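Following: one structure in structure tokens, then a few remarks.
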Ligand code: MRU
């Protein structure tokens, strides 16, 4: 299975598979400081909400090691974590993982103990994410009748997580159970996570897939070719509003117009129970260059401004189901994230 991150304890290095180069080249970046991990997250060498959280946790291990020997090692550690937390704003998984690491500083007797505790915790966060994804895959596959044709957006696979994937995990599990007739993957503009990463993962698994430009999704639904939309999430509020890759909201509107189930898959670490409404989620705006590069220009055209949000919000009313490792919620019924089906029932 593909792994986006590779922790090398003895060297004190987090190796990051540079997803900006995929699939043309498999290049690894060696991050040996919390600042370099933060930069790898910011520039999207590692991306995808759960993977960002895991990278942040390893960044905290490097922060704890860097703080060793400092008189004020707790303050150094906390300040490094604060900087790491600013790397990308929308996926709550980063803040969640850093919160788990931050708590360790309260109980550690010295900086050496803190570094050791952080390393154990980061490995646990990574392991838990893989287990959560496998459970999400099993649960989510139950929502797909045999012969389903599923449309997915962005990349939610092994590259975006601790392994298996969230929405792509459901697709992997459903495919291995013989439930899928095929998968449609959007290219996902402007960064092309769909055509560069999802298509690559699907092709390596031998899963029958068709790639389409984002704007072809509505007509495909209209033609009766899609039985379910299955996507991931970067942050989910208590009422079930979902922040995910730009274009997700458009897919949800189209899915509703065509009476197609809109299914969201995410681990519990993506649920932000501090927030009720999607409008409170910070949305990352990215550089104009990302749009102009696709037009073959290396600088903005004179007199033209750009609008390049990385994420949008799908309101709960359009979300048929949210699958987490804990169970399945159905926000469109007005019950928010209350679980209708619990993970421990029925298997
Ligand atoms: O900008 P990205 O590539 O980090 O955006 C990723 C997404 O929007 C994913 O759908 C989401 O993070 C879930 S990944 C399991």
Of the residues that make up region 252-266, is at least one closer than 24 Å to residue 43 by Cα and either part of a loop (DSSP other than H, G, I, E, B) or out of contact with any strand residue (DSSP E or B) (no Cβ under 8 Å at 6 or more places or on another chain) (or both)?
yes
The residue from 73, 58 that alone is touching a helix residue (DSSP H, G or I) at 6+ places or on another chain (Cβ under 6 Å), more than 16 Å from the ligand (Cβ to nearest atom), touching a residue at least 24 places away in the same chain (Cβ under 8 Å) and over 18 Å from residue 11 (Cβ atoms) is 73
Filter region 267-282 for residues that are assigned to a loop (DSSP other than H, G, I, E, B) and touching a helix residue (DSSP H, G or I) at 6+ places or on another chain (Cβ under 6 Å); the one that is nearest to the ligand (Cβ to nearest atom) is 267
Residue 331 fails exactly one of (1) away from the ligand (no atom under 16 Å from the Cβ); (2) over 21 Å from residue 140 (Cβ atoms); (3) surrounded by 17 or more Cβ atoms within 10 Å (Cβ to Cβ), namely (2)
Of the listed residues (159, 94, 130), the one being at pLDDT 95 or above, surrounded by fewer than 23 Cβ atoms within 10 Å (Cβ to Cβ), closer than 20 Å to residue 5 by Cβ and within 14 Å of the ligand (Cβ to nearest atom) is 130
Flagged in region 12-42 as more than 15 Å from the chain's Cα centre (by Cα), within 16 Å of the ligand (Cβ to nearest atom) and assigned to a loop (DSSP other than H, G, I, E, B), in numbering order, are 18, 20, 21, 22, 23
Note on region 171-193: residues in a loop (DSSP other than H, G, I, E, B) and in contact (Cβ under 8 Å) with a residue 60 or more places away in the chain are 189, 190, 191
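The values are calculated or read from the model by the stated rules, or taken from the named source; none is laboratory data. The shown structure was predicted, so the numbers you read here are calculated from the model rather than taken from an experiment. We place every Cβ from the backbone using ideal geometry, glycine too, and count neighbours over all the protein chains shown.
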